[in-house]
Amino acid sequence: MTYYVYILASKKHGTLYIGVTRDLVRRVYEHKTKAVPGFTSKYGVNKLVLFEIYDDPATAIAREKELKKWRRDWKTRLIEEQNPNWDDLYPGITK
């Protein structure tokens, strides 16, 4: 089974959200449509800017927790290494 750690942003250098899920397309869709009230719907955080793929839940959860402890500039650098323009990656995963 595949697990995803993902980072959403409100805009380039905006508010960030880090999560983990088994179904990345469904989960990002929920964020985009504000289907679940909470942090991302309140602050408009719905742009998928980074995701990582893992084979087991323990590794994915550990990575999510690790990223949440990182300083903001480290998270920004990680995003910009893989997605320098902070493009929304969601359209590319729904094909």
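Restricting to region 21-43, give me the number of residues that are touching a strand residue (DSSP E or B) at 6+ places or on another chain (Cβ under 9 Å) and closer than 23 Å to Asn85 by Cα. Walk me through how you get there before you give the answer.
Initial filter on region 21-43 (touching a strand residue (DSSP E or B) at 6+ places or on another chain (Cβ under 9 Å)): 21-24, 27-28, 31-32, 39-40, 43.
Within this subset, residues satisfying the condition of being closer than 23 Å to Asn85 by Cα are 24, 27-28, 31-32, 40, 43.
Adding up the residues that qualify gives 7.
Going by the structure shown, is Lys68 in a helix (DSSP H, G or I) and exposed (fewer than 14 other Cβ atoms within 10 Å of the Cβ)?
Details: in a helix (DSSP H, G or I): yes; exposed (fewer than 14 other Cβ atoms within 10 Å of the Cβ): yes.
Spelling it out, Lys68 is indeed in a helix (DSSP H, G or I) and exposed (fewer than 14 other Cβ atoms within 10 Å of the Cβ).
What tally of residues in region 1-13 results from selecting those that are in contact (Cβ under 8 Å) with a residue 60 or more places away in the chain and either surrounded by 20 or more Cβ atoms within 10 Å (Cβ to Cβ) or assigned to a strand (DSSP E or B) (or both)? Let's see the steps before the verdict.
Start the filter on region 1-13 by keeping residues that are in contact (Cβ under 8 Å) with a residue 60 or more places away in the chain, which leaves 5, 7, 9, 11-13.
Checking the rest, the ones that are also either surrounded by 20 or more Cβ atoms within 10 Å (Cβ to Cβ) or assigned to a strand (DSSP E or B) (or both) come to 5, 7, 9.
Number of matching residues: 3.
So is Ile61 modelled with pLDDT of 95 or more, surrounded by fewer than 12 Cβ atoms within 10 Å (Cβ to Cβ) and not polar (S, T, N, Q) or not?
no
Run Leu16 past the list (1) at pLDDT 95 or above; (2) open to solvent by 90 Å² or more (accessible area, probe 1.4 Å); (3) out of contact with any Phe, Trp or Tyr (no Cβ under 8 Å at 6 or more places or on another chain) and report the number of the one that doesn't hold.
All conditions are met except number (2).
Determine if region 35-52 includes at least one residue that is of a type in the set (D, E, K, R) and part of a loop (DSSP other than H, G, I, E, B).
Step one: filter region 35-52 for residues of a type in the set (D, E, K, R), giving 42, 47, 52.
Restricting the remaining residues to those that are part of a loop (DSSP other than H, G, I, E, B) gives none.
The answer is no, given that none of the residues of region 35-52 is of a type in the set (D, E, K, R) and part of a loop (DSSP other than H, G, I, E, B).
Within region 42-58, take every residue that is without any contact (Cβ under 8 Å) to a residue 40 or more places away in the chain and aliphatic (A, V, I, L, M) and give me the one that is most open to solvent (accessible area, probe 1.4 Å).
At the first step, the residues of region 42-58 found to be without any contact (Cβ under 8 Å) to a residue 40 or more places away in the chain are 42-46, 58.
Next cut, aliphatic (A, V, I, L, M) only: 45, 58.
Numbers: Val45: 0, Ala58: 69 Å².
Selected residue: Ala58.
The values are calculated or read from the model by the stated rules, or taken from the named source; none is laboratory data. Computed from a predicted structure; not experimentally measured. Note: ideal-geometry Cβ built from the backbone for every residue, glycine included; neighbour counts use all protein chains shown. Areas reflect the complete protein model, heavy atoms only, side chains present, ligands, DNA and RNA absent. Shrake-Rupley method; radii C 1.70, N 1.55, O 1.52, S 1.80 Å.
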